[in-house]
Amino acid sequence: MENNILSNFVETVLPYIISMLEIMGIIIVTWSGIKAFVQYIQNSFFKKHYKLQFDFANGLATALEFKMAAEILKTVLIRNMSELIILGAVIILRALVTVILHFEMKGAKYKKTDICEENKLPKMQSNLEDS
């Protein structure tokens, strides 16, 4: 009896939670895309220097985390093996995209650090020459 109540509760409430997580991911992707587009326009026409690629990749990675959470919760509702295979493939693909985005973000961060290091180097040399 108790197991049946819990099962009914999970089957009733879980789809709403999954939908909310997926909607959150969609909102984050949409907001990140709009923000990246605005920053791209500002970089192109107004010579601003926004770190567009890093911010956009960060937004996409965050959205993928919400989508992955929804996929993980879907495993509770699986009824047969074909659904499990499809869900497993989706989770693997999203995990790969997350890893790729992580390396993209890491590369963008290193590029920014390299530029900062190059800017500090001449100052340090000039200080050494003065003493």
Quick check on region 95-105. Is at least one of its residues at pLDDT below 80, farther than 30 Å from Phe9 by Cα, part of a helix (DSSP H, G or I) and out of contact with any Leu (no Cβ under 8 Å at 6 or more places or on another chain)?
yes
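Take Ile78 and decide whether it is of a type outside the set (D, E, K, R) and at pLDDT 85 or above.
Here the answer is no, as Ile78 does not meet what is asked.
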Are any residues in region 47-74 among the β-branched types (Val, Ile, Thr) and touching a Gly at 6+ places or on another chain (Cβ under 9 Å), and if so, which ones?
Thr62
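Mind telling me which of the residues Leu21, Leu14, Leu6 ends up being farther than 18 Å from Glu65 by Cβ and touching a residue at least 40 places away in the same chain (Cβ under 8 Å)? Write out each step before concluding.
Numbers: Leu21 fails: farther than 18 Å from Glu65 by Cβ; Leu6 fails: touching a residue at least 40 places away in the same chain (Cβ under 8 Å).
Step by step, each of Leu21, Leu14, Leu6 is checked, and only Leu14 is farther than 18 Å from Glu65 by Cβ and touching a residue at least 40 places away in the same chain (Cβ under 8 Å).
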Identify, by number, the condition in (1) over 28 Å from Gly88 (Cβ atoms); (2) surrounded by 11 or more Cβ atoms within 10 Å (Cβ to Cβ) that Ile5 doesn't meet.
(2)
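Kindly establish whether Phe66 is surrounded by 14 or more Cβ atoms within 10 Å (Cβ to Cβ), under 24 Å from the mean Cα position of the chain (by Cα) and modelled with pLDDT under 90. Reasoning before the result, please.
On the way: surrounded by 14 or more Cβ atoms within 10 Å (Cβ to Cβ): yes; under 24 Å from the mean Cα position of the chain (by Cα): yes; modelled with pLDDT under 90: no.
Criteria not met by Phe66.
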Under 8 Å between Cβ atoms, which residue pairs at least 6 apart in sequence (or on different chains) link something in region 51-70 that is within 11 Å of Gly33 (Cα to Cα) with a partner that is aliphatic (A, V, I, L, M) and at pLDDT 90 or above?
Leu52/Ala36; Asp55/Ala36; Phe56/Ala36; Gly59/Ile28; Gly59/Val29; Gly59/Ala36; Leu60/Val29
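The values are calculated or read from the model by the stated rules, or taken from the named source; none is laboratory data. Every value quoted in this text rests on a predicted model; they were computed, and no experiment measured them. Here Cβ is always computed from backbone atoms with ideal geometry, including for glycine, and neighbour counts include all displayed protein chains.
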